[in-house]
Ligand code: PMP
């Protein structure tokens with residue numbers, strides 16, 4: 001046992017946290033970072049300046065606590081999402097991870113169960129254990145899809161308190177049909193389950209893949225979670241949010257820390273949303289690179305999963321570890337997400353994609 005682990009084990013840590021590994025992709029100093037699904041395009045210069053100006057004016061009021069209700073931000077997010085949403089439908093946190101944690105704090109906890117369908121976002125089980133919520137898993141088809149019938153039957157069998165459906169799904173890129181979400185919601189009625197649809201990557205979806213936002217009217221147990229970390233290229237600012245019935249926000253007010261969204265965070269998000277069109281202008285380019293990766297990997301005889309996100313999961317390599325290492329040696333970091341035989345690559349700029357594909361080609365048997 002390592003000294004670090006021995007030191008940790010001496011502490012009176014909660015039993016259910018013993019032996020867990022913290023979340024964390026390697027943060028290596030590599031020229032081309034395609035491992036954590038960030039938006040690799042920088043922020044346009046005029047948007048940077050607008051953010052700096054709004055932050056500067058917020059700095060003048062830093063002696064006071066920020067607006068606890070982040071009123072302006074909720075107005076702007078409601079307007080951005082459309083679908084007839086109003087500020088009362090919106091809640092936000094420091095990244096959608098925090099929003100998801102608050103959902104588990106409010107609706108999960110000891111004696112309660114959260115359910116999702118792996119392979120999916122690896123934070124869900126960690127958020128469950130951190131909040132004392134039991135975590136159960138369902139299964140997908142071999143191609144990572146999920147049918148309405150299968151989702152409903154598995155949910156009825158488990159009767160969870162919280163169902164988390166990630167679409168487009170990390171790490172597979174798979175989008176779920178609205179019929180799957182409707183079926184999951186109906187199947188969750190028996191256990192009065194909260195249904196969270198994690199749409200962190202929604203903006204990258206193909207045009208014919210609809211958002212679950214349109215399912216919100218009349219469904220008070222449904223929550224759509226979003227983030228500004230991906231399409232908005234603001235991962236460093238830590239801004240996530242959700243849309244749901246107003247009583248969901250009321251529930252989260254019971255568990256949020258006082259003034260959890262700093263004045264700096266609110267100013268950054270407000271300025272960014274004023275310039276949403278400019279920030280989102282790279283999304284089409286990223287989608288093009290994503291589709292190109294799927295096409296070219298297929299041509300190389302590999303096995304990429306269809307993706308509605310800004311990344312591609314691919315298999316078909318004889319030695320994925322050697323491919324991962326070969327890419328790293330050439331300065332390209334991709335992600336081994338623990339699915340045997342597979343790697344995941346983020347769609348970056350055209351130049352980054354060029355390099356990734358060229359190096360990859362050189363690593364495969366001729
Ligand atoms: N959901 C999914 C599916 C994700 O992949 C991520 C980020 N990797 C998040 C939520 C959390 O993102 P953030 O906290 O930056 O909003």
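Sorting check: for 7-13, 341-347, which peptide has the highest mean count of neighbouring beta carbons within 10 Å, and how do the rest follow?
341-347, 7-13
Round to the nearest 0.05 the FRET efficiency obtained for residue 354 and residue 319 when R0 = 35 Å and r is the Cβ-Cβ distance. Working shown, then result.
Values: r = 23 Å, r/R0 = 0.67.
That gives a FRET efficiency of 0.90.
Using a 7 Å offset from the Cα along the Cα-to-Cβ direction at both residue 220 and residue 192, what is the distance between the two label points in nm, to one decimal?
Placing both labels 7 Å along Cα→Cβ, they lie 1.1 nm apart.
Just to verify a number: FRET efficiency for residue 159 and residue 257, C-beta to C-beta distance, R0 = 30 Å, to 0.05?
FRET efficiency, residue 159 to residue 257: 0.45.
Rounded to the nearest 500, what is the chain's calculated 222 nm mean residue ellipticity when only DSSP H runs of at least 4 contribute -39500 (n - 2.57) each, over all residues?
Only helices count here, giving -11500 deg cm²/dmol.
Only bridges with both residues in the chain count here: give the DSSP antiparallel percent, nearest 5.
In the chain, DSSP labels about 45 percent of beta bridges as antiparallel.
Just to be sure I understand the model, the point goes 7 Å from the Cα along the line to the Cβ. What's the resulting residue 3 to residue 303 distance in nm?
For the pair residue 3/residue 303, the computed spacing is 4.5 nm.
Viscosity 1.002 mPa s, temperature 20 °C: Stokes-Einstein D of the chain from its Kirkwood Cα radius, in µm² per second? Working shown, then result.
Numbers: Rh = 21.6 Å.
Answer, rounded: 99 µm²/s.
Please work out how much length the chain gains when fully extended from residue 250 to residue 23, using 0.36 nm per residue of separation minus the C-alpha to C-alpha distance, in nm with one decimal.
78.8 nm
Could you give me D for region 247-293, from Stokes-Einstein at 4 °C and 1.567 mPa s, where the hydrodynamic radius is the Kirkwood radius over C-alpha pairs? Units µm² s⁻¹, please.
It diffuses with D of about 94 µm²/s by this estimate.
Rule-based calculations on the coordinates, nothing more; no lab input. None of these values were measured; they are calculated from a predicted model. Quick reminder, even Gly has a Cβ in these numbers, built from the backbone with ideal geometry, and neighbours come from all protein chains shown.
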